[in-house]
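One structure is given below, encoded as structure tokens.
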Amino acid sequence: MRKALRWLLALTVLIGTLSTAQAATAAQPEATDIKDRLLSIPGVSLIQEKPYPGYRYFVLNFTQPVDHRHPSKGTFQQRITVLHKDVSRPTVFHTGGYSVSTNPGRREPTQIVDGNQVSMEYRFFTPSRPEPADWSKLDIWQAASDQHRIFRALKKIYDKKWISTGGSKGGMTATYYERFYPRDMDGVVAYVAPNDVVNKEDSAYDRFFAKVGTKECRDRLNAVQREALVRREPLEKKYEAYAAAEGFTFDTIGGLDRAYEAVVLDYVWGFWQYSLLSDCDTIPADAKTATDDEIWTSIDTISGFSFYTDQGLSPYTPYYYQAGTQLGAPTIHFPHIEKKYIRYGYQPPRNFVPRDIRMRFQPFAMPDVDAWVKHNARHMLFVYGENDPWGAEPFRLGRGAKDSYVFTAPGMNHGANVAGLVADEKALATARILNWAGVAPPKVQADATQAKPLAKFDAKLDVRDVEREPTLRP
């Protein structure tokens, strides 16, 4: 009898244990493929998946309101990409401020934290443009709200720390996003982000061009630029033939003559934006004795004679619209060129946007962001290049900023990054990014000089060169 009771008790315990284990197992959701998890988000649809070793890479559409203040008044499809590493890793939210690349790429902060990366195409850049396009809905708050909705949707999957980043207009975008939604991100890394606080005050650029690089290099560039205007007549004939052969037109800017001068006046700026001091050897040493073809080739290589055509301007209409309504645009002078050779000067953004699109400048947009950064920046890192014209008007930090930094990479251009900083700043910047992302190893927490990227450099995946884009836009 006692044996029977002991057996029955043991059987009861065993059944109870198995039942508990089964219940625990049943309570755990089955693992779901990351693609299925992404596509389960309302408004997300798959465009394409591309393989890359160690990652999953998705090109997606995300349904956004045309107007975040009135979501019921229509939607559009915004293109985003997801470079998936692991949901246990932090996520970097990247935007270039323009169209998004649909090829796998990893930005510097993503390599540093060895994380996932979400990239967003800026609204109104095709194909992420509402149809019909209500251009009044293209502003920095609406774009920040795009990011906010994407973050809230993906945070349910990627629930670790988030860092936002971007270069140039993308750095501006990351900053504006932080200004309007400061509770979303755990850190911001903004590269070469211009800060045109007062649109009509651009003397900082003139001071920059008076001292950048060396006198020998400046003299070479100035001489070629001047010579291109001195030889305007023969070089414009060459331009006319080139445009005819390529089918280029000039309706938006108002004619070939305006386009020619715009390209030439971009020349010096374009050199310093994309080139290094060591590249001065590629500039004709004596502009006066150079042939027409040599002058043409140098200007075309740096500025691009195709850009101010209708075909060249069209992809960048959203940028020039924003420059003429909120962001501002630089105006510089050319003391090395006699006034008789300059007919139009630096032309305003209005000249680069089709006339049927209405524009009105909002002078308080940039001062608002500037003041917010000075007094409220938290976990923000700004990186500039010493020889980059766009760094002439940088973001600056005030007394209210906390755990935030502005660093300048010596000798670097518009491609400046953390890797190009001097050793102590590079280590500090890397350590802070790791800390903000919640992945700083104990040795880095104890000693910032030990900080280095957690992922190995991948020549195909890690973008380090300057993104070659039209000159006079960030």
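Largest first, the residues Lys35, Lys452, Lys339 sort by 1.4 Å accessible area into Lys339, Lys452, Lys35. Counting only protein heavy atoms and a probe of 1.4 Å, the accessible surface of the stretch 244-324 is 48% carbon and sulfur.
Lys and Arg at +1, Asp and Glu at -1: add these up for the other residues within a Cβ distance under 13 Å of Ala429 and post the number.
Details: positive: Lys426, Arg432, Lys452; negative: Glu108, Asp403, Asp424, Glu425.
Around Ala429, the surrounding residues sum to -1.
Among the protein heavy atoms, those of His333 account for about 130 Å² of accessible surface (1.4 Å probe, every chain in place). Remark on Arg106: its backbone amide H falls under 5 Å from those of Asp462, Val463, a criterion applied only to residues 5 or more positions apart or on other chains, H modelled at 1.01 Å from N.
Its Kirkwood hydrodynamic radius, worked out from the mean inverse distance over all distinct Cα pairs, puts the stretch 116-174 at 12.7 Å. So which lysines pass the test for Lys238, namely a Cα distance under 22 Å, with those fewer than 8 places away in the same chain ruled out? Cross-link targets: Lys288, Lys340. Extents of the stretch 191-242, taken as max minus min of Cα coordinates on every principal axis and listed largest first, are 40, 27, 23 Å.
Past the 22 angstrom mark, what percentage of all C-alpha to C-alpha distances in the stretch 200-311 do you count? Looking at the stretch 200-311, the distances longer than 22 Å represent 34 percent of pairs. Residue ranking by accessible heavy-atom surface, 1.4 Å probe, largest first, among Phe58, Phe250 comes out as Phe250, Phe58.
DSSP loop trypsin sites (Lys or Arg not before Pro) in the stretch 70-117 with at most 14 other Cβ atoms within 10 Å of their Cβ, which ones? For trypsin sites (Lys or Arg not before Pro) across the stretch 70-117 that sit outside H, G, I, E and B with at most 14 neighbouring Cβ atoms in 10 Å, the list reads Lys73. Using the Karplus relation 6.51 cos²θ - 1.76 cosθ + 1.60 with θ = phi - 60°, the per-residue 3J(HN,Hα) values for the stretch 47-63 come to 9, 6, 10, 10, x, 7, x, x, 9, 10, 10, 10, 9, 10, 9, 10, 6 Hz, with x marking Gly and Pro.
Per residue, the stretch 106-145 exposes 25 Å² of solvent-accessible protein surface, assessed with a 1.4 angstrom probe and all protein chains in place.
A simple count of charges around Tyr181, restricted to other residues whose Cβ falls under 14 Å of its Cβ and scoring Lys, Arg +1 and Asp, Glu -1, yields +2. Show which lysines lie in cross-link reach of Lys137 when reach means a straight Cα distance below 26 angstrom and same-chain residues fewer than eight apart are skipped. Straight-distance partners of Lys137: Lys73, Lys155, Lys169, Lys200.
Using a 1.4 angstrom probe with every protein chain in place, what is the largest-first accessible-area order of Met380, Met359? Please report the intermediate quantities before stating the final value.
On the way: Met380 0, Met359 45 Å².
The ordering from most to least exposed comes out as Met359, Met380.
Averaging over all projection directions, the Cα-based convex hull of the stretch 47-180 occupies 7.7 nm² in the image plane. Karplus-based coupling profile of the stretch 393-403, in residue order and whole Hz: 10, x, 6, 10, 9, x, 5, x, 6, 10, 6, with θ = phi - 60° in 6.51 cos²θ - 1.76 cosθ + 1.60 and x standing for Gly or Pro.
Using the 1.4 Å probe convention, the accessible area of the stretch 195-317 works out to 44 Å² per residue with neighbouring protein chains retained. When volume of the Cα convex hull per residue in Å³ is calculated directly from the model, which label among [x] 189; [y] 172; [z] 161 fits? Checked against the structure: label [x]. Annotation: amide H-H contacts under 5 Å for Tyr384 (H modelled 1.01 Å from N, sequence separation of 5 or more, or interchain): Val192, Phe407, Thr408, Ala409. Phe58 sits among other residues whose Cβ lies under 13 Å from its own Cβ, and their net charge, with Lys and Arg +1 and Asp and Glu -1, is +3.
For Ala455, list long-range residues whose amide hydrogen, built 1.01 Å from N in the peptide plane, is under 5 Å from its own amide hydrogen. Correct list: Asp114.
Measure up Lys374/Lys426; Lys50/Lys443; Lys211/Lys460; Lys85/Lys452 against 30 Å on the Cα-Cα distance and list the ones that go over. All intermediate terms of the calculation are to be shown ahead of the outcome.
Details: Lys374/Lys426 22 Å; Lys50/Lys443 36 Å; Lys211/Lys460 36 Å; Lys85/Lys452 19 Å.
The pairs that break the limit, which is 30 Å between Cα atoms, are Lys50/Lys443; Lys211/Lys460.
The values are calculated or read from the model by the stated rules, or taken from the named source; none is laboratory data. All figures in this text were calculated on a predicted structure; none of them were measured in a lab. Because the Cβ atoms are built from the backbone with ideal geometry, glycine has one as well, and the counts that use them run over all protein chains shown. Calculation scope for accessible area: heavy atoms of the full protein, side chains included, ligands and nucleic acids excluded. Shrake-Rupley method; radii C 1.70, N 1.55, O 1.52, S 1.80 Å.
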